[in-house]
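Comments concern the structure below.
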Amino acid sequence: MAGFTVQQVSKIYDGDVPTVTLKDINLTVQDGEFLCILGPSGCGKSTLLELLAGLQAPTEGEILLEGEQLKGPNRKSGVVFQDPSLYPWRTVEQNVGIGLEIAGVDKAERKSRVDRYLQMVGLQGFGEKYPHQLSGGMRQRAGIARALAGHPEVLLMDEPFGAVDHLTRLQLQNDLLQIWEEEKKTVVFVTHDVSEAVYLGDRVVLLSPRPGRIHRIFGIPQPRPRKRDDVGLLKLQNNIYSAIYDVKTEEDLEFTI
Ligand SMILES: Nc1ncnc2c1ncn2[C@@H]1O[C@H](COP(=O)(O)OP(=O)(O)OP(=O)(O)O)[C@@H](O)[C@H]1O
Ligand SMILES: [Mg+2]
């Protein structure tokens, strides 16, 4: 397991008009924590996740992973994007094992790891299928198995269940919680769904837009396993909605989540 320290991080995208996407972000993600990042479209959630993954560098400030400054993409983190981007010409098994293949892991070890994680995400028996033969939820599961197969200490997930139907989404949330408990990973999970954030997270970081700043951090003390209709969770959800509508952007623009 591993945790992050984000110190005074800002991200400015260059362009005709430079975009200050994130401003003065200070955040600690604990070892083994399940942290949700919540905020309206365009507030910088994906940017923050890409910074944590080392896929982009902050313009100002620094990010430490396990106490060491992040210098780029690294094997400690496994990333799951909204679109799992599986290679259509590779089988599920070959897609899940691609990172291991690149890392030079031998075939037998690759096969055993891929089988283990396919089983963990409920895709046992589908290894020889091609992505187009899977449902959207199954493709998403394959993307999670691919991230897990690299044995990362941290899972960074960007709206991973955004494109699947509601019932599948609820199931995937429960499966993810089970994996998190079994594998003892640190998870940073981006979503714009308040109920998803409070159901999953130990804490929820609410970002405000333009530029993205930390507006508030909510602790979710409810013990696990949680009930979706738990009165305390619903109350927290309402508090978060109130905080969202209370947010003023620097341009004082209206926004919707
Ligand atoms: N590569 C880039 N170059 C320039 N601007 C960018 C780039 N990536 C993101 N931005 C800008 O940064 C802001 C935040 O984008 P980001 O994708 O991080 O938001 P988000 O919160 O993930 O939104 P969504 O919920 O829609 O996924 C937006 O204004 C976007 O236009
Ligand atoms: Mg995004």
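Criterion applied to Q124, Q69 was being away from ligand 1 (no atom under 16 Å from the Cβ) and touching a helix residue (DSSP H, G or I) at 6+ places or on another chain (Cβ under 8 Å), and the one residue passing it is Q124.
May I ask you to verify whether E60 is acidic (D, E) and more than 29 Å from K11 (Cα to Cα)? No, not satisfied. Scanning the range 65-92 for residues that are crowded, with 20+ Cβ neighbours inside 10 Å, more than 16 Å from ligand 2 (Cβ to nearest atom) and not β-branched (V, I, T) returns L65, L70, S77, G78, L86. Among the residues of the range 35-55, some residue qualifies, meaning at least one is within 16 Å of ligand 1 (Cβ to nearest atom), touching a residue at least 60 places away in the same chain (Cβ under 8 Å), in contact with a Phe, Trp or Tyr (Cβ under 7 Å, 6 or more places away or on another chain) and farther than 27 Å from S242 by Cα. The residue of the range 93-104 that is nearest to ligand 1 (Cβ to nearest atom), among those that are buried (at least 22 other Cβ atoms within 10 Å of the Cβ) and of a type outside the set (G, A, S), is N95. The helices (runs of 4 or more DSSP H) found entirely in the range 1-110 that carry 2 or more residues being at pLDDT below 95 are 98-102.
Given the condition surrounded by 14 or more Cβ atoms within 10 Å (Cβ to Cβ) and away from ligand 2 (no atom under 13 Å from the Cβ), answer yes or no: does some residue in the range 37-50 qualify? Among the residues of the range 37-50, not one is surrounded by 14 or more Cβ atoms within 10 Å (Cβ to Cβ) and away from ligand 2 (no atom under 13 Å from the Cβ), which makes the answer no.
How about the range 135-235: which strands (runs of 3 or more DSSP E) wholly inside it have at least 3 residues that are in contact (Cβ under 8 Å) with a residue 24 or more places away in the chain and more than 16 Å from ligand 2 (Cβ to nearest atom)? Correct list: 213-219.
The values are calculated or read from the model by the stated rules, or taken from the named source; none is laboratory data. Note that the structure is a prediction, hence the values are computed from the model and not measured. Cβ: placed from backbone, ideal geometry, glycine included. Neighbour counts: every protein chain shown.
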